[in-house]
Amino acid sequence: MKRTASGCVFLVALMLLFASSTTQAFVDPPTFNPVAPNSAQAISVLVRTGLCHGFIVPEPGEPITRIERSPGIVDIYSPGIIQIQPLCNAPIFTNTFQIGALPAGSYQVRIWIIDANTDF
């Protein structure tokens with residue numbers, strides 16, 4: 001009986017630990033390299049993600065990263081993971097997307113995660 005009671009106490013403590021832990025998911029705002037490019041310089045967009053969100057290297061047959069440009073907007077669509085669960089273990093990582101040179105002007109850059117968990 002003593003063994004069963006201690007097992008139950010351990011199980012309840014473990015459940016409380018999981019219930020009290022918060023899910024840590026983040027996608028930081030993008031940064032740019034170079035920080036202030038001119039129209040002749042290629043631009044890289046750096047995006048830091050982690051724990052419950054992240055970008056992946058696609059397997060054959062899966063969507064690849066695509067970059068779409070329209071006047072004043074650059075959209076980056078990249079396969080990734082969006083986990084919704086109590087314990088996430090994706091590493092904290094900074095992904096780099098090469099968007100190349102852009103004509104002079106102001107741009108909005110939007111990052112889209114194509115979720116692998118929902119068959120993209």
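On the stretch given as region 17-53, residues that are assigned to a strand (DSSP E or B) and modelled with pLDDT under 90 total 6. Just one of the numbered conditions (1) surrounded by 12 or more Cβ atoms within 10 Å (Cβ to Cβ); (2) at pLDDT 90 or above is not true of CYS88: (2).
The values are calculated or read from the model by the stated rules, or taken from the named source; none is laboratory data. Small disclaimer: the values here were computed from a predicted structure and weren't measured. Neighbour counts run over all protein chains shown; Cβ positions are idealised from the backbone, glycine included.
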